[in-house]
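Just below is one structure, and these are the notes that go with it.
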Amino acid sequence: LSVPLCPCRHGQLGHGILESEQQPRLVEALAGVPMQAVAAGGWHSASVSGKG
């Protein structure tokens, strides 16, 4: 699940576009991949799956 907490105008949501999102939505490339950790900042986001 991607939950943007910022305008996210630099593509850091992982959707392949540079537009901001008004509502949270699934990052489709990661659908079904269990995440162990997620971090985000003003210019980046990162997630780590159970397999690293």
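The values are calculated or read from the model by the stated rules, or taken from the named source; none is laboratory data. For clarity, every value in this text was computed on a predicted model and none was experimentally measured. Virtual Cβ from ideal backbone geometry, glycine too; neighbours counted across all protein chains shown.
Mind telling me which of the residues 38, 33 ends up being surrounded by 11 or more Cβ atoms within 10 Å (Cβ to Cβ), assigned to a strand (DSSP E or B) and modelled with pLDDT of 70 or more?
38
Of all the residues that make up region 17-39, how many are within 14 Å of residue 52 (Cα to Cα) and either touching a residue at least 24 places away in the same chain (Cβ under 8 Å) or within 12 Å of the chain's Cα centre (by Cα) (or both)?
Step one: filter region 17-39 for residues within 14 Å of residue 52 (Cα to Cα), giving 30, 33-38.
When the remaining residues are screened for being either touching a residue at least 24 places away in the same chain (Cβ under 8 Å) or within 12 Å of the chain's Cα centre (by Cα) (or both), the result is 30, 35, 37-38.
Matching residues across region 17-39 total 4.
For every residue, the table says whether it meets (1) touching a helix residue (DSSP H, G or I) at 6+ places or on another chain (Cβ under 8 Å); (2) at pLDDT 80 or above; (3) surrounded by 10 or more Cβ atoms within 10 Å (Cβ to Cβ).
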residue	(1), (2), (3)
6	no, no, yes
10	no, no, yes
15	yes, no, yes
45	no, no, yes
48	no, yes, yes
